[in-house]
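Taken together, the values in this text are just the output of simple stated rules run on the coordinates, not laboratory data. Every value quoted in this text rests on a predicted model; they were computed, and no experiment measured them. We place every Cβ from the backbone using ideal geometry, glycine too, and count neighbours over all the protein chains shown.
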Amino acid sequence: MPSNLDLQGGKAFGLLKAQQREKLEEINKEFMEDQKYRDEEDLPDKLDSLKNKYAEFDLNDQGEIDMMGLKRMMEKLGVPKTHLEMKKMISEVTGGCSDTINYRDFVKMMLGKRSAVLKLVMMFEDKANGTSCKPGGPPPKRDITSLP
């Protein structure tokens, strides 16, 4: 492990994350100017949400999500995956040319029309927020007439 790595975070970590968010914001501006994504509804809000989510799971602060960052993302969202499934997801997003997902690939995948596992999982991020879709309490009483 490198000795210059500040594992506790603090001020240096905050500055690093701020710089990272600035770089991601520049990439977001490119997507906002791109004709391909002009028709997308609420594009600025979506890009801001994607930027925050990406920065949260970029563990190595290199501008890329590696397999461990992706694994952590999936576990936090309540959908743990095997290493083989992770490799397949990364290969699908990057087209097989990289072992990591950069921000541009991430945004293209999330805004693209193709349905990918990551895109579906991110849509259900309220699961990560701890909110439950199940109603609380005992189930309602049923009688024989309500059965199919």
Problem - the stretch 72-80 - phi-based ³J(HN,Hα) in whole Hz, Karplus 6.51/-1.76/1.60, Gly and Pro as x - result: 5, 4, 5, 5, 5, 7, x, 10, x
Problem - Per-bin percent of Cα-Cα distances, the stretch 19-82 [10 Å] - result: 20, 42, 31, 7
Completion exercise
Of the listed pairs Lys23/Lys46; Lys29/Lys87; Lys81/Lys141, those with alpha carbons more than 27 Å apart are Lys29/Lys87; Lys81/Lys141
Handout entry: Sorted by Cβ neighbour density within 10 Å, fewest at the top, the residues Asp66, Asp143, Asp45
Key = Asp143, Asp45, Asp66
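If I stretch the segment between Glu22 and Ser146 completely, what's the gain in nm (0.36 nm per residue apart, minus their alpha carbon distance), one decimal? Write out the running numbers ahead of the final one.
Working: separation 124, 0.36 × 124 = 44.64 nm, distance 5.70 nm.
Net length gain for the segment: 38.9 nm.
Using the 10 angstrom Cβ neighbour count as an exposure proxy, how do Val107, Val79 rank, fewest first? Spell out each step's value before the answer.
Numbers: Val107 21, Val79 16.
By the 10 Å Cβ count, ascending, the order reads Val79, Val107.
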